[in-house]
Amino acid sequence: GDALDFGDLIDSKFGAGGIGSPTRGLFCGGGTPTRQSAIDYFTISTRGNGQDFGDIFGDTRTLAGATGGNATRGLTFGGATTSGATNVIGYVTIATTGDAKDFGDCTKQNGSAVVCSPTRAVSAGGDSAANGSNINTIDFVTIQSMGNSLDFGDLLAQASGRGVSSITRGLFSTESPAAKRINYVTIATTGNAVDFGDLISNNASGGCASYSSLTRGCFAGLKTPTTTNTIEYFTISTLGDALDFGD
């Protein structure tokens, strides 16, 4: 069905990266269009406006979708600064408030997609220089540890996009030229991505939203190439094309 009103962010902005536990949701960074470092948080079970959590780590500002985590810790991967892209990984403890801290470094990228199991976060693709030069690399980290990301494999094409996941499998959307294609990986392993199926819409742009339960993943606000309010969904454990969810 169609989406309902929940509340408002502290400031109007676009491109914030989302992190969630079972109780709390965070939106990190974004643009106004001036790049922002603020983190807003919401209690998911209630409706209401965002509250101040802290700031993302270092001089990172916009993050797009390069965020993930588990029930206790949230991670931000790379991002854009006033001068270009950054490879810094930051982390927060979701149940508290406060500024993000240094976790390690990733492949230099901006706007990458991230999928997570309870133990591992996998980031894929993105912009290697914040200038449209997309990459196809896939990296991973162990969420509860600290350190630099390790090589996982490659996407089917160089792309930016979004990610949804169950506890075992991650799906990645991609922008043009791979327009409709969805890639997937088994999070606990390493290796190159495999073809999952196609979106209904023409382009899962870097600006769309993505979210998932343990069984189903949704992509919302896709382009055709005109921006739309369309929501599409996949059953993560199967293979196949997207179905219509609502608006």
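The values are calculated or read from the model by the stated rules, or taken from the named source; none is laboratory data. None of these values were measured; they are calculated from a predicted model. When we count neighbours, we look across all protein chains shown, and the Cβ atoms used for this are built from the backbone with ideal geometry, even at glycine. For the accessible areas, the whole protein counts, side chains as well, though only heavy atoms, and no ligand, DNA or RNA atoms are used. Shrake-Rupley method; radii C 1.70, N 1.55, O 1.52, S 1.80 Å.
Yes or no: the stretch 123-133 includes at least one residue that is surrounded by fewer than 18 Cβ atoms within 10 Å (Cβ to Cβ), more than 13 Å from the chain's Cα centre (by Cα), of a type in the set (S, T, Y) and closer than 24 Å to T43 by Cα.
Within the stretch 123-133 (the criterion being surrounded by fewer than 18 Cβ atoms within 10 Å (Cβ to Cβ), more than 13 Å from the chain's Cα centre (by Cα), of a type in the set (S, T, Y) and closer than 24 Å to T43 by Cα), the answer is no, since none of the residues qualifies.
Just to be sure before I move on: is A193 open to solvent by 30 Å² or more (accessible area, probe 1.4 Å) and modelled with pLDDT of 95 or more in the structure I sent?
Considered against the rule, which asks whether it is open to solvent by 30 Å² or more (accessible area, probe 1.4 Å) and modelled with pLDDT of 95 or more, A193 comes out as no.
Are any of the residues in the stretch 170-178 touching a strand residue (DSSP E or B) at 6+ places or on another chain (Cβ under 7 Å), open to solvent by 70 Å² or more (accessible area, probe 1.4 Å) and modelled with pLDDT of 95 or more?
No, the stretch 170-178 has no match at all.
Could you grab the pairs with beta carbons closer than 6 Å, sequence gap of 6+ or different chains, first residue in the stretch 44-57 and more than 22 Å from D5 (Cβ to Cβ), second one open to solvent by 60 Å² or more (accessible area, probe 1.4 Å)?
G54/T97; G54/D99; D55/D99; F57/D102
In the stretch 56-74, which residues are at pLDDT 90 or above and open to solvent by 60 Å² or more (accessible area, probe 1.4 Å)?
Within the stretch 56-74, A71, T72 meet the criteria.
Based on what the data block shows, is G104 of a type outside the set (A, V, I, L, M) and over 17 Å from I39 (Cβ atoms)?
yes
Report the residue count in the stretch 92-112 for those that are surrounded by fewer than 23 Cβ atoms within 10 Å (Cβ to Cβ) and more than 21 Å from L155 (Cα to Cα).
The number of residues fulfilling the criteria is 10.
Failed condition for D154, given (1) over 12 Å from Q109 (Cβ atoms); (2) open to solvent by less than 20 Å² (accessible area, probe 1.4 Å), with all others met?
It fails just one condition, (2).
Considering only the stretch 75-105, how many residues are touching a residue at least 40 places away in the same chain (Cβ under 8 Å), within 23 Å of G25 (Cβ to Cβ) and outside any strand (DSSP E or B)?
6
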